[in-house]
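Visitor: Okay, handing you the structure first.
The values are calculated or read from the model by the stated rules, or taken from the named source; none is laboratory data. This one's a predicted model, so the numbers in the text were calculated from it and none came from an experiment. Neighbour counts are summed over all protein chains in view; Cβ atoms, including those assigned to glycine, are modelled from backbone coordinates with ideal geometry.
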Amino acid sequence: MIKFLHRYIKLCFLIILSLILFNGCYSNSTKITELPKAKLAASKCRVIKHSLGESCIPLNPQRVIALDEVMMEVLLALDLKPIATAQPNITGSKIQKLGKKAEGIVSLGKESQPNLEKMVQLNPDLILGSYLGVEQYKLFSQIAPTVTLDYVQSAWQDDLLRIGEIIGKSTQAQKILEQYQQRVQELRTVITNKLASKKISVIRFYAGRQNTEFRTKFSFPVSLILDVGLSLPEVQNQLTNNSDQTSVLVSLERADLINADVIFVALDPGAEDAFQQYQNSQLWQKLKAVENNRVYTVDSGYWIFGNILSANVILDDIWKYLLKDI
């Protein structure tokens with residue numbers, strides 16, 4: 001009875017605090033350290049340093065919550081199925097496409113506001129997330145040891161190795177990365193011989209927005225495009241010199257900025273109308289890829305943000321659309 005009461009009080013505190021925090025009204029006078037805190041004996045955990053501090057995590061974590069699907073796919077690739085994850089706010093979700101591999105993973109709602117009550121009830125032993133704020137980190141750390149990684153799209157391979165280290169699967173992480181790099185080299189050899197001069201645009205359409213955007217050389221999908229020996233239109237390179245700039249907004253009037261031999265179109269859920277508006281335009285019809293029927297619609301759930309599973313899907317798409325008939 002006492003154990004149940006303690007758990008109930010902890011849950012109430014967390015729910016109340018989360019409502020304050022996620023509504024942007026968090027008071028500095030609130031002492032978050034007064035809440036019950038998840039702790040492990042020093043002999044049963046190891047200290048992991050990250051951008052927001054240090055966390056003592058289990059030596060062999062089994063009940064891991066992934067606060068986003070990028071973390072989720074890395075855990076799945078490393079054969080550690082997370083008990084729960086949050087879905088992207090805008091892009092498509094990877095879960096349905098993963099089938100049985102992701103079966104049984106509990107949904108926490110959207111990344112912007114994961115369901116804290118579910119998180120507490122699931123009793124995780126580790127929480128992994130990207131780009132957590134200080135207050136979010138403090139809050140989640142009351143539930144379980146929490147580690148945050150600053151996801152850099154073009155450096156996703158580093159995150160794979162880092163997560164492998166955190167959960168004690170460094171060897172496996174290195175092995176699947178080597179397998180990926182072997183695939184890249186095989187594709188690069190074919191592309192160098194057949195398609196090296198082709199220019200590629202990767203664009204994205206949002207639901208409810210009139211404009212599109214192109215993904216830059218610093219983005220996740222284009223880092224793969226470059227890995228296999230393909231390249232962007234020069235005008236896109238000229239417009240992006242900041243490593244933090246992963247996309248550039250493009251109005252219909254400047255459709256020339258996405259002109260390329262091949263265009264991959266990543267559609268967010270509900271973005272079909274926005275894409276149709278471009279397709280109906282004379283400016284769109286004059287693009288080289290459109291004239292040559294080399295425009296391919298792909299899943300934004302994999303093509304915009306991701307890690308090793310998404311990377312392999314993109315390689316599959318490159319082979320399917322560009323190399324299959326060569």
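Visitor: Taking the condition part of a loop (DSSP other than H, G, I, E, B) and in contact with a helix residue (DSSP H, G or I) (Cβ under 8 Å, 6 or more places away or on another chain), does T91 pass? Give the steps one after another, and end with the answer.
Guide: Details: part of a loop (DSSP other than H, G, I, E, B): yes; in contact with a helix residue (DSSP H, G or I) (Cβ under 8 Å, 6 or more places away or on another chain): yes.
When the stated conditions are applied, T91 passes them.
Visitor: Does segment 179-203 hold any residues that are in contact with a strand residue (DSSP E or B) (Cβ under 9 Å, 6 or more places away or on another chain) and loosely packed, with under 13 Cβ neighbours inside 10 Å, and which are they?
Guide: A196, S197
Visitor: Taking segment 139-172, which residues are over 17 Å from the mean Cα position of the chain (by Cα) and either of a type outside the set (A, V, I, L, M, F, W, C) or not assigned by TED's automatic domain parsing to the domain that holds K81 (or both)?
Guide: As a first pass, look at segment 139-172 and keep what is over 17 Å from the mean Cα position of the chain (by Cα): 139-146, 165-172.
Listed by number, the residues that qualify are S141, Q142, P145, T146, E165, I166, I167, G168, K169, S170, T171, Q172.
Visitor: Which ones in segment 129-181 are of a type in the set (A, V, I, L, M) and part of a loop (DSSP other than H, G, I, E, B)?
Guide: Passing the criteria: L132, I143, A144, V152, I167.
Visitor: Hey, another quick one. Any chance segment 236-255 includes a residue that's surrounded by 23 or more Cβ atoms within 10 Å (Cβ to Cβ) and not assigned by TED's automatic domain parsing to the domain that holds K101?
Guide: Yes, because at least one residue in segment 236-255 is surrounded by 23 or more Cβ atoms within 10 Å (Cβ to Cβ) and not assigned by TED's automatic domain parsing to the domain that holds K101.
Visitor: Identify, please: which residue in segment 88-100 is of a type in the set (S, T, N, Q) and touching an Asp or Glu at 6+ places or on another chain (Cβ under 7 Å) and is, among those, surrounded by the most Cβ atoms within 10 Å (Cβ to Cβ)?
Guide: Here is the first cut: in segment 88-100, the ones of a type in the set (S, T, N, Q) are 89, 91, 93, 96.
Applying the additional criterion that residues be touching an Asp or Glu at 6+ places or on another chain (Cβ under 7 Å) yields 89, 91, 93.
On the way: N89: 10, T91: 23, S93: 19.
Ranking the qualifying residues of segment 88-100, first place goes to T91.
Visitor: Please specify each residue of segment 242-280 satisfying the condition of being in a loop (DSSP other than H, G, I, E, B), touching a strand residue (DSSP E or B) at 6+ places or on another chain (Cβ under 7 Å) and not aliphatic (A, V, I, L, M). Outline the logic, then answer.
Guide: Step one: of segment 242-280, the residues in a loop (DSSP other than H, G, I, E, B) are 242-246, 251, 259-261, 268-271, 280.
Narrowing the set further to residues that are touching a strand residue (DSSP E or B) at 6+ places or on another chain (Cβ under 7 Å) leaves 246, 260-261, 268, 271.
The answer is T246, D261, D268.
Visitor: Which of the residues spanning segment 287-314 are out of contact with any strand residue (DSSP E or B) (no Cβ under 9 Å at 6 or more places or on another chain) and closer than 14 Å to I200 by Cα?
Guide: Once the filter is applied, which keeps residues that are out of contact with any strand residue (DSSP E or B) (no Cβ under 9 Å at 6 or more places or on another chain) and closer than 14 Å to I200 by Cα, segment 287-314 yields only N293.
Visitor: Consider segment 51-88. How many of its residues are in a strand (DSSP E or B) and at positive phi?
Guide: In the first step, residues of segment 51-88 are kept if they are in a strand (DSSP E or B); the result is 53-58, 64-66, 84-87.
Then drop every residue that is not at positive phi, which leaves 53.
Number of matching residues: 1.
Visitor: Residues of segment 206-231 being under 21 Å from L252 (Cα atoms), of a type outside the set (S, T, N, Q) and over 17 Å from the mean Cα position of the chain (by Cα), which ones?
Guide: Filtering segment 206-231 down to residues under 21 Å from L252 (Cα atoms) leaves 206-216.
Retained after the next criterion (residues that are of a type outside the set (S, T, N, Q)): 206-209, 213-215.
If the condition is that a residue be under 21 Å from L252 (Cα atoms), of a type outside the set (S, T, N, Q) and over 17 Å from the mean Cα position of the chain (by Cα), then A207, G208, R209, E213, F214 are the ones that fit.
Visitor: Enumerate the pairs (first residue in segment 232-243 and within 17 Å of F220 (Cβ to Cβ); second residue anywhere and surrounded by 10 or more Cβ atoms within 10 Å (Cβ to Cβ)) with beta-carbon separation below 6 Å, excluding pairs fewer than 6 apart on the same chain, so at least 6 apart or on different chains.
Guide: Q236/F214; T240/T216; S243/F218
Visitor: Could you please give the count of residues in segment 281-326 that are closer than 19 Å to E213 by Cβ and in a loop (DSSP other than H, G, I, E, B)?
Guide: 5
Visitor: Kindly evaluate Q157 against the criterion of being modelled with pLDDT of 95 or more and of a type in the set (S, T, N, Q).
Guide: Details: modelled with pLDDT of 95 or more: yes; of a type in the set (S, T, N, Q): yes.
Taking the combined requirement at face value, the residue satisfies it.
Visitor: Conditions: (1) in contact with a helix residue (DSSP H, G or I) (Cβ under 7 Å, 6 or more places away or on another chain); (2) over 25 Å from K97 (Cβ atoms). D244 meets all but one. Number of the miss?
Guide: D244 satisfies all of (1) in contact with a helix residue (DSSP H, G or I) (Cβ under 7 Å, 6 or more places away or on another chain); (2) over 25 Å from K97 (Cβ atoms) except (1).
One line per residue, one yes/no per condition, for (1) touching a strand residue (DSSP E or B) at 6+ places or on another chain (Cβ under 6 Å); (2) at pLDDT 95 or above:
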site	(1), (2)
G53	no, no
P58	yes, no
L67	yes, yes
V74	no, yes
A84	yes, yes
T91	no, no
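Visitor: Anything in segment 65-107 that is without any contact (Cβ under 8 Å) to a residue 40 or more places away in the chain, of a type in the set (G, A, S) and touching a Pro at 6+ places or on another chain (Cβ under 7 Å)? List them, or say none.
Guide: Selection gives A86 alone.
Visitor: Can you find even one residue in segment 205-219 that is out of contact with any Gly (no Cβ under 6 Å at 6 or more places or on another chain) and of a type in the set (A, V, I, L, M)?
Guide: The initial filter retains those residues of segment 205-219 that are out of contact with any Gly (no Cβ under 6 Å at 6 or more places or on another chain), namely 205-206, 208-219.
After this cut, where a residue has to be of a type in the set (A, V, I, L, M) as well, the list is none.
Looking for residues that are out of contact with any Gly (no Cβ under 6 Å at 6 or more places or on another chain) and of a type in the set (A, V, I, L, M), one finds none in segment 205-219, hence no.
Visitor: Select, from K199, K169, the only residue that is under 22 Å from L126 (Cβ atoms), touching an Asp or Glu at 6+ places or on another chain (Cβ under 9 Å) and at pLDDT 95 or above. Before you say what the answer is, go through the steps one by one.
Guide: Working: K199 fails: under 22 Å from L126 (Cβ atoms).
Checking each option against the conditions leaves just K169.
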